[in-house]
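A quick write-up on the structure given underneath.
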Amino acid sequence: MERTLSHDEVAELLGAYALDAVESDEAAAIAAHLETCPRCSAELAEHREVVGMIANAGGDAPVELWDRIAQQIQPPGAPPDRRPAGVAPPTPLAGARRRRRTGRAVAAVAAGAAAAVIALLGVQVGRLDNRVGQLAAAAQHTGLSQAVQAAFLATDKRTVTLADRSGTPAADLLILPDGSAFVVNVHLRALPADRTYQLWAFAGGRPVSLGLLGNHPVDVPFTVNPTVAATTFAVTTEPAGGVVAPTSAPVAASPGAV
């Protein structure tokens, strides 16, 4: 005679059924019930999703996890079943009471596994956020590089070369008619963290700060007042916060800079 199970009995055995850890007559009864019960079908799908995530997570399950399962489903005095991940689940236990305990144990393990998977996903999301941040920074740099390239190609730009004391080019300034400009590093070496390069323009012999370039500049945007004729430019090294007037001799300057 074909066995039948109540809704509550099926619900209690769904966790074990997801692991194929029920007897054949129970499996047949559960399968028949699932054909007419969307609620149990949905719950079974959730159990199987957790099982699938555990199987695909990689690595062996902790020994403590299998010890906890063994303590809940094995008879008193039986040795613990230290079963590595990926090995077939234990065979069904005889008796309705033990089957109920198996269902509860599997459900508890599934809940713990789900929490572990969520934690793993949280780490992955954190790494993804970090990667997104890196991509955003790269996109910003790419945008700046494209703007510098456009400035290089502009036919109406003004190019000013800043040379060090030996006359070797150290940086180029690309200045457009609207006042937008870029410092393109050629040979400005990296400075300690507590120092920065600072760019100056000289108009009428007086220095005007055009901005801080950082301690290791590459391509740095700045602006100049297109209505003020800056005759010369220079770069000095200053404390990290910058200064209102140069405190050191220029490390790079255009011809005629003081």
In whole Hz, with x marking every Gly and Pro, tabulate ³J(HN,Hα) for segment 4-12 from phi via Karplus 6.51 cos²θ - 1.76 cosθ + 1.60, θ = phi - 60°.
10, 10, 6, 4, 5, 5, 5, 4, 6
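Counting other C-beta atoms within 10 Å, which of 180, 145 has the fewest, and how do the rest follow? Numbers along the way, then the final one.
Numbers: 180 16, 145 12.
So the residues, fewest neighbours to most, are 145, 180.
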Sort 227, 168 so that the residue with the fewest other Cβ atoms within 10 Å of its own Cβ comes first and the one with the most comes last.
227, 168
Taking the Cβ of each residue in 4, 155 as the centre, tally the other Cβ atoms inside 10 Å and list the residues starting with the fewest.
155, 4
Whole-Hz Karplus ³J(HN,Hα) for segment 163-178, in order, using 6.51 cos²θ - 1.76 cosθ + 1.60 and θ = phi - 60°, x for Gly and Pro?
10, 7, 5, 8, x, 7, x, 10, 6, 10, 10, 10, 10, 9, x, 7
Normalised per residue, the volume of the convex hull around the Cα set of segment 158-253 (Å³)
89 Å³
Output wanted: per-residue J couplings in Hz (rounded whole) for segment 191-197, from phi through Karplus 6.51 cos²θ - 1.76 cosθ + 1.60, θ = phi - 60°, x for Gly and Pro.
10, x, 5, 8, 10, 8, 7
Going by amide H atoms built from the backbone, whose H comes under 5 Å of the H on residue 222, apart from near neighbours?
181, 182, 183
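Rule-based calculations on the coordinates, nothing more; no lab input. Computed from a predicted structure; not experimentally measured. Don't worry about glycine lacking a Cβ; one is built from the backbone with ideal geometry, like all the others, and counts go over all protein chains shown.
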